[in-house]
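Since the structure comes first, as structure tokens, the remarks are kept for the end.
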């Protein structure tokens, strides 16, 4: 039951919410390219089938966004932060390498940080001691997806600036959005992209750091018990 709940949370935070933003960006893109002078009419009372279709489309868009987000891992600063640099102090990192070498052999000592974290992560899973792994995984995915989604939204809003003012009709309300308001929306989207990127790096680093530290703590427990005996 709890595992099913975790999967649902990851689907919501990792795919559905970022996918909703991507879906809005796609609507703004088509509006700007093909109907720039027409008002955007939003229907307040949608039938159930249409709502289900929108939710499913947002979910699929979230998967596509995460696919684009995987390309972020190729950025030099991201590779350095998550794959090249060990997210621990030099002393703690050396202790982790000693523990890994003691368990898996001396060849494991020279593993790069990415492979080291992967090995320790799988060891913790086999030992049924994942800790807060799931929390960090879905938060990392949430912020990575949001980074992509907000970046796409910001780009489409920049395109919409060319065709401003924009008019949105909701029921009987007609809202005219001027260039200054669109500029503010672009700034907010850009700020959200940057903050989401920083949070993505933070939770990615915390995921690796806690994994390595937990592996070290777990391997030290048996030796303490032997000393007591």
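The values are calculated or read from the model by the stated rules, or taken from the named source; none is laboratory data. In this text, all values refer to a predicted model and were calculated from it rather than measured experimentally. In this analysis, Cβ positions are derived from the backbone assuming ideal geometry, glycine residues included, and neighbour counts consider all displayed protein chains.
A few remarks follow.
- Among the candidates 163, 126, 169, residue that is exposed (fewer than 13 other Cβ atoms within 10 Å of the Cβ) and more than 24 Å from the chain's Cα centre (by Cα): 126
- Pairs, first touching a residue at least 40 places away in the same chain (Cβ under 8 Å) and at positive phi in the range 131-147, second in a helix (DSSP H, G or I) and surrounded by fewer than 21 Cβ atoms within 10 Å (Cβ to Cβ), C-beta under 6 Å, six or more apart: 131/214
- Qualifying residue in the range 142-157 (condition: within 30 Å of residue 89 (Cβ to Cβ), out of contact with any helix residue (DSSP H, G or I) (no Cβ under 8 Å at 6 or more places or on another chain), in a helix (DSSP H, G or I) and at pLDDT 85 or above): no
- Any hit, the range 119-134, residues being more than 15 Å from residue 210 (Cα to Cα), in contact with a helix residue (DSSP H, G or I) (Cβ under 8 Å, 6 or more places away or on another chain) and in a helix (DSSP H, G or I): no
- The numbered conditions (1) more than 15 Å from the chain's Cα centre (by Cα); (2) more than 28 Å from residue 214 (Cα to Cα); (3) buried (at least 17 other Cβ atoms within 10 Å of the Cβ) are all true for residue 65 except (1).
- Residue 32 vs. criteria touching a strand residue (DSSP E or B) at 6+ places or on another chain (Cβ under 9 Å) and over 17 Å from residue 207 (Cβ atoms): yes
- Residue in the range 86-95 that is surrounded by fewer than 16 Cβ atoms within 10 Å (Cβ to Cβ) and in contact with a helix residue (DSSP H, G or I) (Cβ under 9 Å, 6 or more places away or on another chain) present: yes
- Condition broken by residue 174, with the remaining ones in (1) over 30 Å from residue 12 (Cα atoms); (2) touching a residue at least 60 places away in the same chain (Cβ under 8 Å); (3) part of a helix (DSSP H, G or I) satisfied: (3)
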